[in-house]
1. Just to confirm a number: summing +1 for Lys and Arg and -1 for Asp and Glu over residues other than TYR39 whose beta-carbon lies under 14 angstrom from that of TYR39, what do you get?
2. What do you get for Rg/Rh over the stretch 2-182 if you use C-alpha atoms and the Kirkwood form of Rh?
3. Greater than 22 Å separation of Cα atoms is the criterion. Which listed pairs, LYS80/LYS104; LYS134/LYS172; LYS75/LYS167, meet it?
4. Please arrange MET74, MET138, MET1 by how many other C-beta atoms lie within 10 Å of their C-beta, fewest to most.
5. So what are the three principal axis dimensions of the stretch 20-62 from its Cα atoms, in whole Å, longest to shortest?
6. Going highest first, how would you order 35-43, 100-108, 171-179 by mean Cβ packing within 10 Å?
7. Quick check on the stretch 2-182: of the DSSP beta bridges with both residues there, what percent are antiparallel, nearest 5%?
8. Post the alpha-carbon centroid distance, the stretch 134-168 to the stretch 52-83, in whole angstrom.
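Taken together, the values in this text are just the output of simple stated rules run on the coordinates, not laboratory data. None of the values given here were measured: they were computed from a predicted structure. So basically every Cβ, Gly included, is an ideal-geometry build from the backbone, and we count neighbours across all protein chains shown.
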Amino acid sequence: MILIIHAHPYPSRSRATHALLQAALTLPDVTVHSLYERYPDFDIDIAAEQAALSRAALTVWLHPLYWYSVPGMMKHYFDKVLALGWAYGGKNDGSGGGRALHGKHCLWVPSTGGDSEAYSTHGIHEHEFANFVKPMEMTARFCGMFWQPPFAVHGAHVISDDELSTKADAFKSRLQDWLNVHRATFVSLEKAS
């Protein structure tokens, strides 16, 4: 039902992604693919990853923000797994390939080193966080996915344990709310196919 694609090059050092993953894993129907752990040599099993995406109704991209983008492994994953003829490139009339992710949902969950103030016009990055969302959103939309509003954790390495716990609970609630709304729809589709 929910597939979390986790890409943190140093997962043991990440308080934020660890807390979010632990919260998510308390829900039913959640699977996590930790890319750096699964593919330390960057040799991605494309067929396995595409099969997992095909089974998922919601894909979550969970990673730290690196230079306003994704870590190298996540970019490599996009390049290999979201392939022409599988994830995009089909005809609008539904014929042909490239529609494997069409109609599925996508949620982006980045963690940032800078706090929310840093992502403002007067902060160190000189732009609102929303200005950094578009490449991820367009990746999902180009594959025909329904884009969900992002869930960001700012100041991930400096927020208090209580704040991080609150964020993890909010993330879990966000996933649970999605499951509550969409579970019946996707169960019906599975029975029909």
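1. Numbers: positive: ARG38, LYS75, LYS80; negative: GLU37, ASP41, ASP43, ASP45, GLU49, ASP79.
Taking every other residue near TYR39 into account, the sum is -3.
2. Working: Rg = 16.2 Å, Rh = 16.9 Å.
Answer for the stretch 2-182: 0.96.
3. On the way: LYS80/LYS104 19 Å; LYS134/LYS172 24 Å; LYS75/LYS167 26 Å.
Checking Cα-Cα distances, LYS134/LYS172; LYS75/LYS167 exceed 22 Å.
4. Listing MET74, MET138, MET1 from fewest to most nearby Cβ atoms yields MET138, MET1, MET74.
5. Sorted largest first, the three principal extents are 29, 21, 14 Å.
6. So the order, starting with the most tightly packed, is 100-108, 171-179, 35-43.
7. Working: 1 of 22 bridges.
If we restrict to bridges inside the stretch 2-182, about 5 percent are antiparallel.
8. Result: 13 Å between the Cα centres.
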